[in-house]
Amino acid sequence: MLNSNQSVYYPFHLIYKQESELLNLKRKIGSHFEHMANTPKAQIIRLAIGASISALSILILTFVSTMEIRWLFYLLVFTTLIGILYAIPGYIGIWLWRMRNVLFRKNKD
């Protein structure tokens, strides 16, 4: 418990530093998203490659499922997950491209 003549020390310079780091991070993420929104062809290609990898892996998995080879099953599941994870930024980039007029509108006041 504090007495009336004691004060609490708040490290405001640390709080300010954390806020400025968060603002810099927000600017970096925003500029990266804006770059993704301005390159729709690259995002479509990325989505197509990731979806193709996943689809091919699932297709092979259905054909070799009767073999019951454990390491092959895990390899194909891992490949499917890699394809999905590779395709996600492409999907987000296409969504950002469609929403760019709303999300990246500059105020002209």
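The values are calculated or read from the model by the stated rules, or taken from the named source; none is laboratory data. Just so you know, these numbers come straight off a predicted model, no measurement behind them. Here the Cβ positions follow ideal geometry from the backbone for every residue, glycine too, while neighbour counts run over all protein chains shown.
Would you please name the residue that is surrounded by the most Cβ atoms within 10 Å (Cβ to Cβ), looking only at residues in the range 74-90 that are free of Cβ contacts under 8 Å to residues at least 12 places away in the same chain and over 30 Å from residue 33 (Cβ atoms)?
75
Any residue in the range 45-64 that is modelled with pLDDT of 90 or more, surrounded by 10 or more Cβ atoms within 10 Å (Cβ to Cβ) and closer than 17 Å to residue 104 by Cα?
Among the residues of the range 45-64, not one is modelled with pLDDT of 90 or more, surrounded by 10 or more Cβ atoms within 10 Å (Cβ to Cβ) and closer than 17 Å to residue 104 by Cα, which makes the answer no.
Being surrounded by 11 or more Cβ atoms within 10 Å (Cβ to Cβ), in a helix (DSSP H, G or I), out of contact with any strand residue (DSSP E or B) (no Cβ under 7 Å at 6 or more places or on another chain) and of a type in the set (Phe, Trp, Tyr) is the requirement here; does residue 71 meet it?
On the way: surrounded by 11 or more Cβ atoms within 10 Å (Cβ to Cβ): no; in a helix (DSSP H, G or I): yes; out of contact with any strand residue (DSSP E or B) (no Cβ under 7 Å at 6 or more places or on another chain): yes; of a type in the set (Phe, Trp, Tyr): yes.
For residue 71, the condition - surrounded by 11 or more Cβ atoms within 10 Å (Cβ to Cβ), in a helix (DSSP H, G or I), out of contact with any strand residue (DSSP E or B) (no Cβ under 7 Å at 6 or more places or on another chain) and of a type in the set (Phe, Trp, Tyr) - is not met.
In this structure, does residue 26 turn out to be on the phi < 0 side of the Ramachandran plot, at pLDDT 90 or above and either charged (D, E, K, R) or outside any helix (DSSP H, G or I) (or both)?
In short, no.
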